[in-house]
Every structure is written in structure tokens, then in C-alpha cells.
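Data first, discussion second: the structure below is written as C-alpha cells.
The values are calculated or read from the model by the stated rules, or taken from the named source; none is laboratory data. Nothing here was measured: the structure is a model prediction, and the numbers come from that model. Cβ placement follows ideal geometry from the backbone for every residue including glycine, while neighbour counts extend to all protein chains displayed. Heads up: the accessible areas ignore ligands, DNA and RNA and are worked out on the full protein's heavy atoms, side chains in. Shrake-Rupley method; radii C 1.70, N 1.55, O 1.52, S 1.80 Å.
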Amino acid sequence: MKILTILGTRPQFVKAAAVSRAFAKHPSIEEIIVHTGQHYDDPMSAVFFKEMEIPAPQYNLDVNKLGHGAMTGQMMEGIEKILVEARPDYVLVFGDSNTTLAGALAGKKMHYPVIHVEAGLRSFNMKMPEEINRVLTDRISDMLFCPTAIAVANLRQEGMDKFPVDIIQNGDVMYDAALHYANFSAERSGIMDKIGRDEFILCTMHRQENTDDAKRLQSIVSTINEIDRQIRVVLPLHPRTKKMLEHHGLALTVTAIDPVGYFDMIELLKHCRLVMTDSGGLQKEAFLFKKFCVTLRDETEWVELVDHGFNRLAGADSQAIRAAYQDFLNREADFNVGLFGNGDASDIIAAKLLEKGGR
Ligand code: UD1
């Protein structure tokens, strides 16, 4: 069985690491990896392939530094050509990026069955490019692997169960990755020696709604600069955020570092006091490493974390961020709640595909 996996952004490399490992256990599965090139800097891409031992992509489209339309279109053009050559049984896409949508559209239009891993997530904010990508990808996919019960319910709510598609709650493949790589991160990462052992808050931000809106960005920057005077804030800086800070003439006084690899990120998660982020993946990883999370967004796809009190939505509002931060500093919780499956989400995908068979 031939599976064409399409990836291109940092969180997709993490998901692919888990899923490719599961595929590799089955000699009857042949996986062909296409890197769209959306993320291309070494610290945003190559380091993940190396550290996480993701099979090298057979194809790299090198499509990046473009607006949404040109990016998605050029990716589709490249993927179509590869499909003609590779003729896979399935096209597999992850998550919610432009890479996801381009892969799903190209595959579907050429009548290949499309598998969407991390289906059914919704922020219900149709202004987010990621939400548009998710909704459209789910609608045209044939197999929808959902990380949570809420994701399944979202798809039913949209009537997806009326179509001839498979909706499977398999758990979260990022959980599989976190469990596996946490065993090696301490020996493979030098980040704690680099940043020192003093208490710190781990912060990341890169969402377009925060970085491209000068007011929101200014508010977040001034708030974390202020919090940093109490507890040091360590912020691996995404290239988008770096560019937009320069563009808006804003200065961070926190400990800003270059983007980190996966092992470093796990060590930062293990050692931090709490997490502040607008990333989807990091909200979950905070929970997996038993840390509270202040989410720098107005909504989240991972509502179960908010419902259980592990996560608070603070948006870009200075007061709300400070209130959530203060509250979490003084709080304890039992994080032993199984929200994201059993760590075998990737194996379930492999088993389902084998059960279904090729075309
Ligand atoms: C993208 C995804 C988002 C995902 C995120 C993870 C979309 C719409 N968004 O957002 O869902 O959560 O990736 O990081 O697909 N850049 C570099 N070097 C790199 C990568 C990007 O300099 O290695 C620059 C780009 O040229 C661009 C900016 O950073 O100017 C943003 O990159 P882009 O891929 O458009 O979006 P992300 O914010 O990374």
C-alpha cells in the first residue's frame, strides 16, 4: 500500500514523526513524503527531520515566502505532478496549514482518497486561515482521524456523518510523539545549560491574528515584558514574529532565543513554571507535561483543556493575561486525565488503513 504524505510546517513534522514510525512497522506500507517547503529554515525544518528521524522527503517543492493564494496554488501544482508519477493509494495530510489544504485539494481533484489526521478541530473563528483550511480539508477528506471526542462531535454537527466517509477517534498523534521523544530529550538537548536553571515561563507566539495586528502584538509584548520582571520569560522566536516585531518597531526585553528543536522544546516544557502561547500544539503539550497554559488567543480548538481548568483564554488583553498568570502561579491540579487517547493514535491510523486496503 502506497501512502503519499504531504507536510511542510513545523507542527506537521512532529505529527509525521509519530505516524511515519507507526507506518514503518508494517512492511506492506510504503510511505512517500512530500515536503512543500512552507517552513524552510534549518531550525524550522531540517532539525526536526534529523532529531526525530523522520524519513527524508522524496520530493521538496520549495514553496514559501508567498501570500496565501500563490502559496496554496503553487503547492497544488507541484503535488499534482507528483501524484501523476507516484499514483498512491492514499494522500495523507495533517492539521490546518496551507500545506494541508493544498494537499487535500490536489489529491481530491485527482480522485485519490484523502486522509486528514487531526480532523474535526474548530475554533469557530472563520477569520483564521487555519480554520478555513481545516473546514475545507475535512469536507473533502475520505478518512477523518479525530484526536478528541469533541472533534468527532464537531464533524457530526456539520453533517459530515451523512457522507460516505470514515470518522475515527484515534487520539492525538502529538501525544504519541511527546511520550516517545520525552524518553530521550534530556540527553539530546542542551537547552537547559544554555538558558540556565532559574525559574522561567515558556512563551511562544506566531499566529497571524497576533503578529499582524499592531495593537494586539503591542499589548502582548508589553505584558510579557512586564511579567518578565517577576519571572523570566523564555521565548523561542518564530520567524513571522521576528519580522513583525521589526515591522511594528516593538522590542522584547524577555529572553528571546532562536526557534528550538523538538528535544529542546520538550526540556523547556518539562522545566518551565507555566506556558503562555498562541500555538495549538503547545497548549496540548503543556498539559501533557503537566503545566498550566495561558492561551494568547480568544478561542481554542482544544476546549477540553479550558473546561478542565488547565488552560485559560486570555487573548491579547493585558489584564486577562496577568490575571490568568497570577491565578495559575498559585494553583495545583491533577493532570492525570486522559484527554488525548492512549499514545497509540498513530498505530490506529496504520491499522485502519491496512484494514481498509489499497485502491
Ligand atoms: C504556519 C501555519 C500554521 C502553523 C504554523 C506553525 C498556515 C496558514 N499557517 O504559520 O497553521 O501553526 O505554520 O509554525 O499555513 N518563515 C521563515 N522561515 C521558516 C518558515 C517561515 O522565515 O522556516 C517566514 C515566512 O517566510 C513568512 C512567515 O515566516 O514570512 C510566516 O510563515 P508561514 O508559513 O506563512 O506561516 P506561519 O506563521 O509559520
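Here are some notes:
- Degrees between helix 318-329 axis and first principal axis of the chain (Cα, 0 to 90, nearest 10): 90
- Other residues lying with their Cβ under 11 Å from the Cβ of HIS116 contribute a combined charge of -2, Lys and Arg counting +1, Asp and Glu -1.
- Angle in degrees between helix 239-248 and the longest Cα principal axis of the chain, rounded to the nearest 10: 50
- Taken over segment 190-329, lysine pairs spaced eight or more positions apart, or on distinct chains, with alpha carbons under 20 Å apart number 6.
- Each peptide among 244-253, 105-114 gets the average number of other Cβ atoms lying within 10 Å of its residues, and from highest to lowest they stand as 105-114, 244-253.
- Apolar share of the accessible surface for the chain: 49 percent from carbon plus sulfur atoms, 1.4 Å probe.
- Highest-MSF residue in the chain out of GLN12, GLN283, GLN208 [GNM, Cα springs under 10 Å]: GLN208
- Inter-label distance, nm, simple model (7 Å from Cα along the C-beta direction), ASP62/GLU299: 3.9
- Put simply, segment 190-329 fits an ellipsoid with semi-axes of 20, 19, 14 Å; these come from the alpha carbon gyration tensor as the roots of five times its eigenvalues, largest first.
- Segment 69-89 residues near the modelled MET110 label - backbone nitrogen below 15 Å, point 7 Å along Cα→Cβ: 73-89
- Taking every alpha-carbon pair under 8 Å whose residues sit at least 6 apart, segment 1-136 reaches a relative contact order of 25 percent.
- Label-zone membership for segment 83-103, site LYS356, 7 angstrom Cα→C-beta point, backbone N under 20 Å: 83-84, 86-97, 100-103
- Here segment 192-236 is scanned for amide nitrogen atoms under 15 Å from the site 7 Å beyond the Cα of LEU329 along Cα-to-Cβ, giving 199-202, 223-234.
- Heavy-atom accessible surface of segment 206-359, averaged per residue, reaches 42 Å², computed with a 1.4 Å probe.
- Note on the chain: Cα-only Rg and Dmax are 19.6, 59 Å.
- Set of lysines with alpha-carbon distance to LYS2 below 20 Å, sequence-local pairs under 8 removed: LYS15, LYS25, LYS81, LYS108, LYS109, LYS352, LYS356
- Within a Gaussian network of the chain (alpha carbon springs, distance under 10 Å), most fluctuating of GLY73, GLY196, GLY315: GLY196
- Mean separation of Cα pairs under 8 Å and 6 or more residues apart, divided by the residue count, gives the chain a relative contact order of 16 percent.
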